[in-house]
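Colleague: Below are the structure tokens for one structure; questions will follow.
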Amino acid sequence: MTALDTPLRNWAGNLTYRAARVHRPRTLDELQEAVAGAPRVKALGSRHCFNDIADTDADLVVLDDLDVPVELARAEPDGSGVLWVPGGMPYSRLVPELARHGRALHNLASLPHITIAGATATGTHGSGSRNGSLATSVAGLELVRSDGEVVVLGEDSPDLPGAVVHLGALGVVTRVALRFQPTFSVRTNVYLDLTWDRLFADLPGVTGAAYSVSVFTDWHRVTSVWVKSRTDELDAAAPEDFFGARAATEPTHMLRDTPIENLTDQLDLPGEWHERLPHFRAEFTPSHGDELQSEYFVPAEHGRAACEAMRALADRVAPLLQVSEIRTIAGDDLWLSPATGGDVLALHFTWLPDEPAVTALLPEIEAALRPFGARPHWGKLFTTGAAELAERYPRMGDFRDLVGRLDPRGAFRNAYLERTVLG
């Protein structure tokens with residue numbers, strides 16, 4: 001255990017954690033002792049969340065040093081299977097090893113440096129109309145609950161759909177079972193000058209035109225479209241025209257006047273799944289980000305209307321915005337997943353690092369998106385409260401019951417959970 005003499009900050013630098021102590025257990029026994037002995041405790045991953053979801057005024061546990069092996073749980077003849085991995089491991093460490101053994105995950109987030117436990121616990125996602133969030137790869141969880149006991153939730157556990165996206169409310173996740181599939185290759189092409197008219201004429205066609213599609217915008221215009229295709233689904237060269245947009249002839253950043261060295265390869269160059277599905281290279285490890293982020297998910301059938309509502313706010317949004325990204329995610333049955341119950345369209349905002357101004361603007365965005373049942377990303381900035389979120393999640397009551405069973409003494413509760421989930 002280490003007293004927190006030096007302030008510990010999140011990746012964006014907008015939050016200073018209030019914890020008095022930090023534990024870095026090396027063994028499961030040490031972790032169990034730390035959790036059971038703490039009045040309040042939270043697990044801390046890559047610190048890439050932009051809000052206080054992992055904050056506490058008591059004890060933090062960091063799993064970087066925890067000795068947890070990678071173990072094969074099941075292998076199928078078709079090359080798929082399930083693998084137990086350390087919850088505190090970042091995807092950037094896991095995916096090269098998977099690829100080396102001819103294995104793949106179905107999707108990855110834009111930034112591969114986030115931890116597996118943190119990303120799945122918040123419903124973090126990649127892109128693709130047929131692709132669920134990263135949490136949909138989870139086939140099991142091992143966690144230490146607040147009394148120090150180890151709980152394993154397998155594929156047949158009725159609690160697993162409620163526990164995967166858990167927001168840190170149930171325990172400290174030590175291992176995650178992930179479903180894998182045979183490896184595949186992807187190539188990225190960027191297109192410029194897509195018009196709003198062409199986008200809105202067939203929004204599902206644009207977002208579903210390839211394995212993964214990202215539409216970047218400042219809400220005045222569409223700035224670029226990133227189209228990521230599986231090579232086993234599209235053998236021919238990428239078309240020069242994409243719904244009227246022209247193919248970029250040089251590598252293109254989603255931000256203006258920004259060096260491209262940290263981006264994954266574009267220009268139709270094939271690469272393994274883990275080298276193309278993220279926007280950013282795994283070997284480029286950011287130490288901080290001069291940005292803030294928000295994101296809202298609306299049912300796919302309301303995608304065009306939600307985008308039009310945001311276009312009406314373009315003059316208010318653009319001065320604080322670095323870039324927005326429009327993506328689609330397949331629906332799932334995970335209780336607190338932003339995609340629970342059906343396919344969704346995600347509206348992502350990368351903001352300038354001006355938290356007071358961003359926080360003041362968010363209620364306007366949330367009001368504009370409220371008619372479409374918008375759900376915020378759990379790990380990013382939002383102001384939506386517990387009462388409204390309970391209306392958005394039909395299984396919220398069941399989740400609260402699950403929290404009560406696994407954390408009866410409230411050790412994992414914090415201000416974030418009180419404000420957003422527990423009420």
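The values are calculated or read from the model by the stated rules, or taken from the named source; none is laboratory data. Computed from a predicted model, the values in this text were never measured in an experiment. Neighbour counts run over all protein chains shown; Cβ positions are idealised from the backbone, glycine included. Side chains are part of the model used for accessible areas, which takes the heavy atoms of the whole protein and leaves out ligands, DNA and RNA. Shrake-Rupley method; radii C 1.70, N 1.55, O 1.52, S 1.80 Å.
Colleague: Ignoring any ligand, DNA or RNA, what whole percent of the accessible area of the stretch 20-136 comes from carbon and sulfur when the probe is 1.4 angstrom?
Modeller: 48
Colleague: How do 166-178, 391-403, 265-277, 83-95 rank on mean C-beta neighbours within 10 Å, highest first? Intermediate results must be reported in sequence, preceding the final value.
Modeller: Values: 166-178: 25.4, 391-403: 16.1, 265-277: 18.8, 83-95: 22.0.
Listed from highest to lowest mean packing, they are 166-178, 83-95, 265-277, 391-403.
Colleague: Over 24 Å apart: what share of the alpha carbon pairs of the stretch 319-423 falls there, rounded to a whole percent?
Modeller: 30
Colleague: Below 8 Å, C-alpha to C-alpha, sequence gap of six or more: please give me the relative contact order for the stretch 199-270 in percent.
Modeller: Worked out over the stretch 199-270, it gives 21 percent.
Colleague: Tell me, what is the per residue accessible area of the stretch 320-422 in Å², probe radius 1.4 Å? Intermediate results must be reported in sequence, preceding the final value.
Modeller: Working: 3550 Å² over 103 residues.
Dividing the accessible area of the stretch 320-422 by its residue count gives 34 Å².
Colleague: For q = 0.16 Å⁻¹, what log10 I(q)/I(0) does the stretch 158-279 give under the Debye formula with an equal point scatterer on each alpha carbon and no solvent?
Modeller: -0.84
Colleague: Still on this structure, I have one more. I'd like the distance between the alpha-carbon centres of the stretch 382-423 and the stretch 123-152, rounded to an integer number of Å.
Modeller: 17
Colleague: Find the relative contact order for the chain and round it to a whole percent, using C-alpha pairs within less than 8 Å whose residues are 6+ positions apart.
Modeller: 18
Colleague: Specify the angular offset, from 0 to 90 degrees and rounded to the nearest 10, of the alpha carbon long axis of helix 28-37 from the longest principal axis of the alpha carbons in the chain.
Modeller: 70
Colleague: Treating the angle as unsigned and between 0 and 90°, give the value, to the nearest 10°, between the Cα long axis of helix 91-100 and the longest Cα principal axis of the chain.
Modeller: 70
Colleague: In addition: Going by amide H atoms built from the backbone, whose H comes under 5 Å of the H on T328, apart from near neighbours?
Modeller: Sorted by chain and number, the residues that satisfy this are G128, V213, A346.
Colleague: How far is helix 355-369 tilted, in degrees, relative to the longest principal axis of the Cα atoms in the chain, given as a value from 0 to 90 rounded to the nearest 10?
Modeller: So the helix axis and the longest Cα principal axis differ by about 70 degrees.
Colleague: Starting at the first residue of the stretch 69-74, write each ³J(HN,Hα) from the Karplus equation 6.51 cos²θ - 1.76 cosθ + 1.60 with θ = phi - 60°, in whole Hz, x for Gly and Pro.
Modeller: Residue by residue, the stretch 69-74 yields x, 8, 9, 7, 8, 7 Hz.
Colleague: Computing the accessible area with a 1.4 Å probe over protein heavy atoms, can you report the carbon and sulfur percentage for the stretch 182-326?
Modeller: Working: 3190 of 6420 Å².
Its accessible area is 50 percent carbon and sulfur atoms.
Colleague: Rounded to the nearest 0.05, what FRET efficiency is calculated for D202 and R405 with R0 set to 41 Å and r the Cβ-Cβ distance?
Modeller: It comes to 0.30.
Colleague: When only C-alpha pairs under 8 Å and at least 6 residues apart count, what is the relative contact order of the stretch 280-423, in percent?
Modeller: Contact order relative to length: 28 percent.
Colleague: Separate question: How many Å² of accessible area per residue for the stretch 18-153, probe 1.4 Å?
Modeller: Accessible surface, normalised per residue, equals 37 Å².
Colleague: Still on this structure, I have one more. Along the stretch 175-183, what does the Karplus equation 6.51 cos²θ - 1.76 cosθ + 1.60 (θ = phi - 60°) give for ³J(HN,Hα), rounded to whole Hz, x for Gly and Pro?
Modeller: For the stretch 175-183, the Karplus-derived couplings read 9, 10, 8, 10, 7, 10, 9, x, 4 Hz, x marking Gly and Pro.
Colleague: With θ taken as phi - 60° and the coefficients 6.51, -1.76 and 1.60, list the Karplus ³J(HN,Hα) couplings across the stretch 309-319 in order, rounded to whole Hz; mark glycine and proline as x.
Modeller: Listing the rounded values in order: 5, 6, 4, 5, 9, 4, 5, 7, 7, 4, x Hz.
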